[in-house]
Amino acid sequence: MAASIAAGVAMATANEFLGRFEPSEVISMAMKNATVFNSSSTVIPFHCDLAPSYGKLKEKGYMKEMDDELKVIIAGTTRSMTKLVEQAKGNNIEWGDVVATMSQNPLLEPYDDQIEKSDKYIKTESAAFKFDGSPDETIVREVKTWFLNLISDEDILHDTRIDIDVLAKIVAESGARVTDFETLFYKKATQESKVLDIGVLRYPDIDHPFFKVYRIQLTAWSTCERILFQQSDTHGITGEFSCRKYKPRASVIQKLSEKVTQKAVQEAEDLFS
């Protein structure tokens, strides 16, 4: 009876972790917040320590078709990540702690090379100041190309679904603005604000038989000088992207007892039933 109660509590706690916002929801909120963000603030418009992404796991009957080794790492990793979230007690979880938790999981081993990328999209120009802050279509296209090259992962791009039009608008609005009569004549300013900081745990599926944990950070910035309606500015956005993959450690999983294996398999199936 005690074991049954403990299992029920563990499942309820794991479900709380699985109930966190998915990446596309997090980023949608971040983009909305960023467009009304006061750049003098030090608070990130939207920070998410860890958003789970499930791929096809929520499709009816999909879990039944998966390999038992994948089910075992799904159960084990969900438990370890749930524990990490609980220990944070509502505080931010450091990216290093997420990576450490994955790397120290005996059921997992690194798969593929680690990715650490940083790049800037920069606009330097003298142009007529737009009162509505709307981005030029050329900027929209350039930002889209820049972001696609930064991430270079179709699976992640599908998960995040970042609205490139909104991202381009953030770049366009990162410059100095006409806020009163005085600044209409002259203004010079340097501003920087972090738009997004999100960590994502991508669950394995049949097509992608490994965990993927990645982080995306976007920081908008500008240095502007304006006299009357003519504005000379350098502005843009800095993107940072980190990614690691983990596959089942067969040498450990194969040594698990049949009872332990089946318990983990059932736990994984129950999580997505």
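The values are calculated or read from the model by the stated rules, or taken from the named source; none is laboratory data. Values in this document were obtained by computation on a predicted structure and should not be read as measured data. A quick note on method: Cβ atoms are made from the backbone with ideal geometry, for glycine too, and the neighbour counts reach across all protein chains shown.
Scanning the stretch 75-97 for residues that are outside any helix (DSSP H, G or I) and surrounded by 17 or more Cβ atoms within 10 Å (Cβ to Cβ) yields a single hit, 93. When the stretch 68-100 is filtered for residues that are under 17 Å from residue 198 (Cβ atoms) and either touching a residue at least 40 places away in the same chain (Cβ under 8 Å) or not small (Gly, Ala, Ser) (or both), the ones remaining, listed by number, are 81, 84, 85, 91, 92, 93, 94, 95, 97, 98, 99.
Determine whether the stretch 106-118 contains at least one residue that is assigned to a strand (DSSP E or B) and of a type in the set (Gly, Ala, Ser). The answer is yes; a qualifying residue exists.
Residue-by-condition table, conditions (1) of a type outside the set (Asp, Glu); (2) part of a loop (DSSP other than H, G, I, E, B); (3) modelled with pLDDT under 70:
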site: 131; (1), (2), (3): yes, yes, yes
site: 140; (1), (2), (3): yes, no, no
site: 192; (1), (2), (3): no, no, no
site: 204; (1), (2), (3): yes, yes, no
site: 212; (1), (2), (3): yes, no, no
site: 220; (1), (2), (3): yes, no, no
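Selection of first residues in the stretch 248-273 that are more than 23 Å from residue 103 (Cα to Cα) and of second residues that are buried (at least 19 other Cβ atoms within 10 Å of the Cβ) and at pLDDT 95 or above, restricted to Cβ pairs under 7 Å at least 6 apart or on distinct chains, gives the following pairs, ordered by first then second residue: 269/71.
Taking the listed residues 109, 125, 94, the one that is among the acidic types (Asp, Glu) and modelled with pLDDT of 90 or more is 109, with no other qualifying.
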